[in-house]
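The values are calculated or read from the model by the stated rules, or taken from the named source; none is laboratory data. None of the values given here were measured: they were computed from a predicted structure. Note that each Cβ is placed from the backbone with ideal geometry, even for glycine, and that neighbours are counted across all protein chains shown. Just so you know, the surface numbers come from the protein's heavy atoms only, side chains and all, with ligands and any DNA or RNA stripped out. Shrake-Rupley method; radii C 1.70, N 1.55, O 1.52, S 1.80 Å.
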Amino acid sequence: MKENHPPTTTPDLQPRGEIAESSTSKNRTGSSEPFPGSPLTENPSPFPDQVLENVLENVLHFLSSRQDRNAASLVCRSWYRAEALTRSDLFIGNCYALSPRRVTARFSRIKSVTVKGKPRFADFDLMPVDWGAHFTPWVTSLARAYPWLEKLHLKRMSVTDKDLGIIGDSFPGFRELLLVCCEGFGTPGLAVIASKCRLLRVLELVESVIEVEDDVEVDWVSCFPSEGQTHLESLAFDCVECPVNFEALEGLVARSPGLKKLRLNRSVSMVQLHRLMLRAPQLTHLGTGSFSANENVDQEPDYASAFAACRSLVCLSGFREIWPDYLPAIYPVCSNLTSLNFSYADVNAEQLKSVICHCHKLQILWVLDSIGDEGLQAVAATCNDLRELRVFPVDAREEAEGPVSQVGFEAISMGCRKLESILFFCQTMTNAAVVAMSKNCPNLVVFRLCIIGVYRPDAVTQEPMDEGFGAIVMNCKKLTRLAVSGLLTDRAFEYIGRDSPFGDAALRSGLHHYYNMRFLWMSSCKLTRQACQEVARALPHMVLEVINNGEDAVEDIGILYMYRSLDGPRDDAPENVTILH
């Protein structure tokens with residue numbers, strides 16, 4: 001959350017009743033009594049300031065955009081107070097950008113909180129495992145300030161079972177828990193949420209690491225209320241590695257008539273998936289689990305009929321340990337799909353083509369590069385409404401021969417001209433293909449091209465990839481996120497609008513931009529400690545963290561992570577992180 005302040009000194013936030021009392025207790029003469037004989041004697045009217053404040057609060061209730069609310073809070077002191085009193089949803093883009101105490105002091109009526117911890121580079125093992133982003137201080141403060149809290153969305157945070165226990169004990173009306181790329185908790189914590197949050201509508205565990213210890217593993221699915229209908233609308237646990245009690249899961253699904261989203265883990269077989277689908281034909285989002293047969297049955301169920309009965313299904317994912325012979329089972333729903341996630345399905349071009357030829361409404365597609373350029377060409381020919389594409393590598397080794405290249409990449413740009421977001425891993429690429437993407441897909445907001453290998457040039461001309469990335473920046477005016485790779489020179493960064501990103505000069509050149517950025521990450525950029533300390537002294541509201549490698553020299557800066565903070569450096573940095581002053 002971007003913490004905003006009015007241009008003048010921030011006033012203390014008074015309770016709403018005190019503001020109203022001070023506004024109506026004095027007349028124009030300054031006395032605390034109304035005029036003698038005045039009609040206001042019996043029913044005094046509020047001062048215009050209070051009327052305006054009441055009207056403002058009623059108007060601000062209709063503002064849902066974070067950006068609009070942040071702008072409104074900067075108008076003046078009364079708008080700052082009114083915005084704080086009417087905000088119910090809170091977004092914290094960096095858990096170290098401000099303290100929980102500051103949040104709870106300013107906002108008094110929060111029902112939903114989103115907190116992000118580690119930067120996304122943690123997904124690529126570029127940060128120490130024990131770096132921080134602990135949820136404990138946050139949940140402790142939230143429990144004291146907002147006992148009526150209903151929703152928590154956490155991303156890349158360290159969450160313990162004790163934290164989940166506080167949620168279960170402190171928020172009787174709790175309804176929604178989403179943990180994305182989080183770690184540190186296990187099945188005992190999930191059991192507390194299942195048993196104590198009786199109004200729970202959403203429990204989603206997305207790409208999180210669930211700690212599994214044999215001596216403390218708990219049958220958490222059985223902890224949901226066993227009698228009566230539940231309030232569940234979404235249940236996602238595909239990242240939970242340990243098996244679940246299927247009988248308890250089947251009963252839970254049967255007692256949840258409002259369930260629309262169900263994502264299963266790999267322990268759920270095709271036969272069990274069939275039974276669940278018969279229980280919940282109302283599903284709109286389904287994660288299939290293993291999508292393979294791991295039990296002996298005399299006769300295979302009619303999987304295609306089960307899928308056909310789910311007429312509202314628009315999103316399919318899962319397909320772990322996929323058996324290609326089962327792919328025809330999903331054909332009946334393909335024509336209605338808007339999202340298909342094959343990022344765990346090691347399918348080839350022919351297998352993908354048999355599915356994708358039915359997916360004319362598809363807007364989101366995640367696949368492995370095993371589909372090859374031929375598979376991408378099939379996508380381009382069929383999915384003209386595609387908005388997001390992600391192509392992940394089966395083998396990310398530099399010496400591996402990549403099955404996708406500029407051929408499939410350029411085909412996508414020609415066939416999917418509504419594309420807004422692309423993440424593309426490959427071993428070879430050309431400037432011409434990237435330039436074509438910039439011209440054919442001008443609505444790109446996210447462009448992440450990851451050419452696997454060190455300093456790989458244009459595969460045809462052997463020139464640097466400057467022209468391609470420069471074209472993306474110049475032609476895609478809506479671009480907000482860019483990831484560059486391959487062989488690049490200073491010319492590429494001139495296109496982007498900055499000098500070379502390497503060395504102390506590059507660090508100093510961005511001084512006037514850093515306060516407007518959520519964070520800056522510089523890795524292997526040849527920085528010195530002296531330059532970093534100069535920046536730290538010049539920008540007192542920026543925190544500069546140096547992530548040390550045991551092999552680094554004392555003056556070497558391997559990784560610099562810099563971010564804004566209203567409350568100064570954190571106090572929980574591990575030994576391998578040095579905060580510069």
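Among LEU63, LEU85, the order of accessible area from largest down is LEU63, LEU85, computed with a 1.4 Å probe on protein heavy atoms.
By the helix-only formula, in which each DSSP H run with n ≥ 4 contributes -39500 (n - 2.57) and the sum is divided by residues, the chain has a 222 nm mean residue ellipticity of -8500 deg cm²/dmol.
Among the GluC sites (Glu not before Pro) in segment 374-406, those located in a DSSP loop and surrounded by at most 11 other Cβ atoms within 10 Å of their own Cβ are GLU398, GLU399, GLU401.
Oblate is the label for segment 194-326, because the ratio a/c of its alpha-carbon gyration tensor axes (a ≥ b ≥ c) is 1.5 or higher and a/b is not greater than b/c. Counting only Cβ charges, +1 for Lys and Arg and -1 for Asp and Glu, the dipole size of the chain around its Cα centre is about 2600 debye. Each of PHE425, SER405, ALA71 was scored by the projection of its Cα onto the charge dipole of the chain, and the greatest displacement toward the positive side belongs to ALA71; charges sit on the C-beta of Lys, Arg, Asp and Glu. Surface analysis of segment 191-344 yields an accessible area of 43 Å² per residue, using protein heavy atoms and a 1.4 Å probe. Per residue, segment 391-517 exposes an accessible area of 48 Å² to a 1.4 Å probe, with every protein chain left in place. Shown for the chain: the carbon plus sulfur share of the solvent-accessible area, taken with all protein chains present and a 1.4 angstrom probe, equals 52%.
When the GluC sites (Glu not before Pro) in segment 168-226 are filtered for DSSP coil states and for at most 11 other beta-carbon atoms within 10 Å of their beta-carbon, the remaining sites are GLU213. Note on ASN70 and MET414: their simple-model spin labels are 4.1 nm apart, each label 7 Å out from Cα toward Cβ. Label the chain by shape, choosing from rounded, prolate and oblate, from the square roots a ≥ b ≥ c of the eigenvalues of the Cα gyration tensor; if a/c is under 1.5 it is rounded, and otherwise prolate applies when a/b is larger than b/c, oblate when it is not. The shape class here is oblate.
Label-to-label distance, ASP130 versus PHE62, with points set 7 angstrom from Cα along the beta-carbon direction: 5.4 nm.
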